[in-house]
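One structure is given below, encoded as structure tokens.
The values are calculated or read from the model by the stated rules, or taken from the named source; none is laboratory data. Just so you know, these numbers come straight off a predicted model, no measurement behind them. All Cβ positions, even for glycine, are placed from backbone atoms using ideal geometry, and neighbour counts span all protein chains on display. In case anyone asks, the SASA skips ligands and DNA or RNA and just uses the protein heavy atoms, side chains included. Shrake-Rupley method; radii C 1.70, N 1.55, O 1.52, S 1.80 Å.
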Amino acid sequence: MLAHQDDIRIAAIIVAGGRGSRSGAARPKQYLDLAGMPVLARTVAAFTEHPQVGRVLVVVHPDDHDAFRAAVPGHAKLLPPANGGATRQASVRAGLEALADSGVDLVLIHDAARPFVSAALIDDVIQAARIHGAVVPGRVLTESLALADTEGTRGQTLDRDSVRAVQTPQGFRFATILDAHRRAAAEGREDFTDDAAVAAHAGLRVAFCAGESTNVKLTTADDFAQAEARLLASLADIRTGQGFDVHAFEPGDHVVLGGVRIPHDKGLKGHSDADVALHALTDAIFGALADGDIGSHFPPSDPSWKGADSAIFLAEAIARVRARGGMVAHLDLTILGERPKIGPHRDAIRARIAEITGVPIGRIAVKATTTERLGFTGREEGLAALASATIRLPFDMRGN
Ligand code: MG
């Protein structure tokens, strides 16, 4: 048994190097959006949010570094991704080698396509790995089990009690699993489909802990559809927030609206880049969260926001939705002013907002209106923007 848990260092390796096509999608399944958040981002968060896990390393396909950066937000525990190999086994070995000199005592090895792993299961795997040195979650099956021959004919009935469906995360003493992987590779074996099999091949005794029926591996299009339906059903707290902002014109040669630089014969005056559209959107999201406003999160008195790209503000509001386990269902923006004309820039603005927020462009509306030459916008003294944001959060009886 290893030392007290406070003294041991625990890392997680998430294997995301596959390019599997059984989901029927053009992109690797771990980068697909699942109810407003990429699968891999959900899987990574399960480990970065776990208090006992100190380091998280994702092993990616060498061609997927851009996809990884786009899908997974940075975190203090998250290491730069390692490049995977030709097989799952080779990818895990690459991850282990990347951690070889980092003083890790225990390692959890997990599939990227299992985003629903619970904190309780991670606890159980850590605890059992501390005791046994090697552990895998195994789920007892409820169906009757039988062998099938190559013609698809039913053969012998199997004893249900002697069979487990093997899941991840699998937990190991770091030094022993690294050694087991090195030995398997040295023997030319690259065909093990999980790390417990590598460990068993090296002569290690691997214990079972209880798996979870919710810890499914997303493989087929049907798996995705079912998981998305479950997630959306759980995001039952549907909220709409509104935002409003005004900035005055000053001498200049462009304005920044919705993150897009638009040439104009005036500029907008403000502490940041004065992007009235992104400010209204940001406040709409803070409104839906009931979490202050742009001024309380980014005080104009703070010199660090001088001239800031307002994308930072919007990205922070979105991060707060995701931190609550929620998603943005819809963003709707109206820009009020006589000039510049917004129509020619509408799709560029929608694309930029999609890029900043990760919200699909089909859920982002950008509209514009004049105010019939009435009021401050009609006199071209400044621009105003209105926004609404619809978000979905996990239902919480306390309303928090
Ligand atoms: Mg403003």
> Filtering region 250-279 down to residues that are within 14 Å of G295 (Cα to Cα) and open to solvent by 30 Å² or more (accessible area, probe 1.4 Å), which residue is nearest to the ligand (Cβ to nearest atom)?
Replying inline: G270
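If we keep just the residues of region 310-326 that are within 14 Å of the ligand (Cβ to nearest atom) and without any contact (Cβ under 8 Å) to a residue 40 or more places away in the chain, which is surrounded by the fewest Cβ atoms within 10 Å (Cβ to Cβ)?
The qualifying residue surrounded by the fewest Cβ atoms within 10 Å (Cβ to Cβ) is I312.
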>> Is it the case, given these coordinates, that A288 is more than 24 Å from G343 (Cβ to Cβ), outside the structural domain of S388 (by TED's automatic domain parsing) and away from the ligand (no atom under 13 Å from the Cβ)?
In response: no
>> One residue is enough: does region 227-238 have a residue meeting the conditions more than 29 Å from L331 (Cα to Cα) and either open to solvent by 70 Å² or more (accessible area, probe 1.4 Å) or within 16 Å of the ligand (Cβ to nearest atom) (or both)?
In response: no
> Between residues in region 366-377 that are in the same structural domain as G343 (by TED's automatic domain parsing) and residues that are part of a loop (DSSP other than H, G, I, E, B) and of a type in the set (S, T, N, Q), which pairs lie under 7 Å by C-beta distance while being six or more apart or on different chains?
Replying inline: T377/T371
> Of the residues that sit in region 75-132 and are acidic (D, E) and more than 23 Å from A200 (Cβ to Cβ), which one is nearest to the chain's Cα centre (by Cα)?
Replying inline: D123
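Okay, residues lined up against (1) open to solvent by less than 50 Å² (accessible area, probe 1.4 Å); (2) touching a Ser or Thr at 6+ places or on another chain (Cβ under 8 Å):
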| residue | (1), (2) |
| --- | --- |
| P344 | no, no |
| R352 | no, no |
| P360 | no, no |
| K367 | no, yes |
| L374 | no, no |
| R379 | no, no |
| A389 | yes, yes |
| R392 | no, no |
| F395 | no, yes |
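Residue by residue through region 118-132, note down the ones that are open to solvent by less than 10 Å² (accessible area, probe 1.4 Å) and more than 12 Å from A210 (Cβ to Cβ). Steps first, please.
First, the residues of region 118-132 that are open to solvent by less than 10 Å² (accessible area, probe 1.4 Å): 121-122, 125-126, 129.
Selection gives I122, I126, A129.
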